[in-house]
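Below is one structure, written out as structure tokens; the observations come after it.
The values are calculated or read from the model by the stated rules, or taken from the named source; none is laboratory data. Because the structure is a prediction, the values reported are computed rather than measured. Cβ atoms come from the backbone with ideal geometry, glycine included; neighbour counts cover every protein chain shown. Keep in mind that these areas ignore ligands, DNA and RNA; they rest on the heavy atoms of the full protein, side chains included. Shrake-Rupley method; radii C 1.70, N 1.55, O 1.52, S 1.80 Å.
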Amino acid sequence: MVISMNVNDFYRSLGLSEKTIEIGEKYEKELKERFEKLDKVAEYNQMKVIKAMQDNRLSDRHFNGSTGYGYNDDGRETLEAVYASIFHAEDALVRPQITCGTHALALALSANLRPGDELLSPVGKPYDTLEGVIGITPSKGSLAEYGVSYRQVDLLPGGAFDYDGIRAAINEKTKLVTIQRSKGYQTRPTLSVERIGELISFIKSIKPELTVMVDNCYGEFVETIEPTDVGADMCIGSLIKNPGGGLVATGGYIVGKKECIDNCAYRLTSPGLGKEVGATLGMNQSMFQGLFLAPTVVASAIKGAIFAARIYEDLGYPVIPNGTEERYDIIQAITLGSAEKLIAFCGGIQAAAPVDSYVTPEGWAMPGYNDEVIMAAGAFVQGSSIELSADGPIAPPYAVYFQGGLTWYHAKFGILMSLDKILKL
Ligand SMILES: *Cc1c(COP(=O)(O)O)cnc(C)c1O
């Protein structure tokens, strides 16, 4: 038996053509310096996480889970203290009972708004799932049903903040301002933490007592600072995205001012109970360990996104962000221009997965969407989008959105598999 040490032999045996392998080598070489910069950010964030764990005297007894009411769960309390340290925040709520990012955002909003208050989004339309939460689209249990009104100021063409519009929108009812860091599935640019800081300063100069929250989904550990470092009162995200590091099976987090977090805890559990209850079952260890891995996992995902952007832009496909601009989240969009190519791309991502690699993704009529949607995800955790995943509506302009990759090698392989399938069409 001949044992080859050449990874390209592996790639050939997994079905990649010579041309695809060559393209991969070329762009990986070209991106070496850029990747080194990403590794430096990861190194900084790794130290931030380790220091927070040390400062809070993390110990293996904190990995024990609680059951029932979950009183005196030392692990849960330490996890929340570690999150607060990392985000330089007063307090944190980090729970498996927060079911997803939308739930965490809805919780933060409903906990900190009262009937008669107004919510303001100064960065345009929020993430799709928040439309029902706010009541932009009528929905049972929405903030609108509870007498909370909503105002929105869109970004100016080109993506600048509409400072005049924002000043005019802030009134005596305005109580809470929500800022979405990631573009999500829109075409506006993702906001850097620095820009978020400028916006918060402006808003607080008009009405200092306003509460400002940031939807931090897909942004954690992409930069060396987080929105709470630049004045956000609350910062919110999902544990099956960046901060879970791929290991957390379910959950969400909210970090920020103690008063805001108390409100969230009383809303999540019950008035009077707050943070004191909430069994962690067996989840504490994965929550800590996933957080520990998150900085390097996020760097891997960004490497994959940049690698894909460079390859596809050189092939003539529109990409957002482009291959050279700074990154503030892990999402990459590529406009492929035909249904065939979109299906081939998703097929390649699926074929490169460690889980369910043998299935072929197809479009399906997802509830709430007008067009069929195709999704590729061979993930260890269902729906986890810090794992390599791709999706897009099967309709013009046939854009695919993809993100994640727990390791750079997997992200690279997935992108090369999808490229290979497109080149073979
Ligand atoms: C993913 C995401 C959400 C919602 O998170 P879910 O976990 O899918 O409910 C909200 N905002 C942004 C920007 C996101 O990327």
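Please enumerate the residues belonging to the stretch 80-116 that are away from the ligand (no atom under 16 Å from the Cβ), open to solvent by less than 30 Å² (accessible area, probe 1.4 Å) and within 25 Å of Tyr163 (Cα to Cα).
Step one: of the stretch 80-116, the residues away from the ligand (no atom under 16 Å from the Cβ) are 80-92, 111-116.
Of the ones still in play, those that are also open to solvent by less than 30 Å² (accessible area, probe 1.4 Å) are 80, 82-84, 86-87, 89, 91-92, 111-113.
Matches in the stretch 80-116: Asn112, Leu113.
Take the conditions (1) away from the ligand (no atom under 16 Å from the Cβ); (2) out of contact with any strand residue (DSSP E or B) (no Cβ under 9 Å at 6 or more places or on another chain); Arg188 misses just one of them, which is (1).
Do we find that Tyr401 is touching a Pro at 6+ places or on another chain (Cβ under 9 Å) and within 16 Å of the ligand (Cβ to nearest atom) in this structure?
no
Every listed requirement among (1) assigned to a helix (DSSP H, G or I); (2) more than 25 Å from the chain's Cα centre (by Cα); (3) touching a residue at least 24 places away in the same chain (Cβ under 8 Å) is met by Arg61 save one, (3). Free of Cβ contacts under 8 Å to residues at least 24 places away in the same chain, away from the ligand (no atom under 16 Å from the Cβ) and either open to solvent by less than 10 Å² (accessible area, probe 1.4 Å) or of a type in the set (S, T, N, Q) (or both): is that true of Thr407 in this structure? The answer is no for Thr407. Would you say Ala279 is open to solvent by less than 50 Å² (accessible area, probe 1.4 Å), assigned to a helix (DSSP H, G or I), at pLDDT 95 or above and out of contact with any Cys (no Cβ under 7 Å at 6 or more places or on another chain)? No. Pairing each residue of the stretch 212-223 that is farther than 15 Å from Pro295 by Cβ with any residue that is in a loop (DSSP other than H, G, I, E, B) and away from the ligand (no atom under 12 Å from the Cβ), provided the two are 6+ apart or on different chains, yields C-beta distances under 6 Å for Val212/Ala232; Val212/Asp233; Val214/Ala232. Can you tell me which condition Pro271 does not meet? The list is (1) within 16 Å of the ligand (Cβ to nearest atom); (2) of a type outside the set (Phe, Trp, Tyr); (3) open to solvent by 50 Å² or more (accessible area, probe 1.4 Å); (4) free of Cβ contacts under 8 Å to residues at least 40 places away in the same chain, and all the others hold. Unmet condition: (1). Only strands (runs of 3 or more DSSP E) whose full extent lies in the stretch 316-425 are considered here, and none of them has at least 3 residues that are in contact with a Lys or Arg (Cβ under 8 Å, 6 or more places away or on another chain).
The residues of the stretch 13-55 that are at pLDDT below 95 and open to solvent by 50 Å² or more (accessible area, probe 1.4 Å), listed by number, are Ser13, Leu14.
Name the helices (runs of 4 or more DSSP H) wholly within the stretch 1-58 that hold at least 1 residues that are in contact with a Lys or Arg (Cβ under 6 Å, 6 or more places away or on another chain) and of a type outside the set (Ser, Thr, Tyr)?
Values: elements: 7-13, 18-30, 32-55.
So the answer is 32-55.
With respect to the conditions (1) of a type outside the set (A, V, I, L, M); (2) within 16 Å of the ligand (Cβ to nearest atom); (3) farther than 21 Å from Asp229 by Cα, Lys183 lacks only one, and its number is (3).
Among the listed residues Gly337, Gly348, Gly316, which satisfies the condition of being open to solvent by less than 10 Å² (accessible area, probe 1.4 Å) and at pLDDT 95 or above? Even if it seems obvious, please write down each step before you answer.
Values: Gly337 fails: open to solvent by less than 10 Å² (accessible area, probe 1.4 Å); Gly316 fails: open to solvent by less than 10 Å² (accessible area, probe 1.4 Å).
Only one candidate qualifies: Gly348.
Checking each residue in the stretch 357-376 for being open to solvent by 30 Å² or more (accessible area, probe 1.4 Å) and under 23 Å from the mean Cα position of the chain (by Cα) picks out Met366, Pro367, Gly368, Tyr369, Met375. When Tyr358, Tyr369, Tyr401 are checked against the criterion of being more than 26 Å from Glu131 (Cβ to Cβ) and out of contact with any Leu (no Cβ under 9 Å at 6 or more places or on another chain), Tyr358 stands alone in meeting it.
Across the stretch 117-145, which residue is surrounded by the fewest Cβ atoms within 10 Å (Cβ to Cβ) among those that are in a helix (DSSP H, G or I) and touching a Gly at 6+ places or on another chain (Cβ under 9 Å)?
Taking the stretch 117-145 and keeping what is in a helix (DSSP H, G or I), we get 129-134, 144-145.
From what's left, touching a Gly at 6+ places or on another chain (Cβ under 9 Å): 129, 132-133, 144-145.
Numbers: Thr129: 15, Gly132: 19, Val133: 22, Ala144: 18, Glu145: 11.
If we take residues in the stretch 117-145 being in a helix (DSSP H, G or I) and touching a Gly at 6+ places or on another chain (Cβ under 9 Å), then Glu145 is surrounded by the fewest Cβ atoms within 10 Å (Cβ to Cβ).
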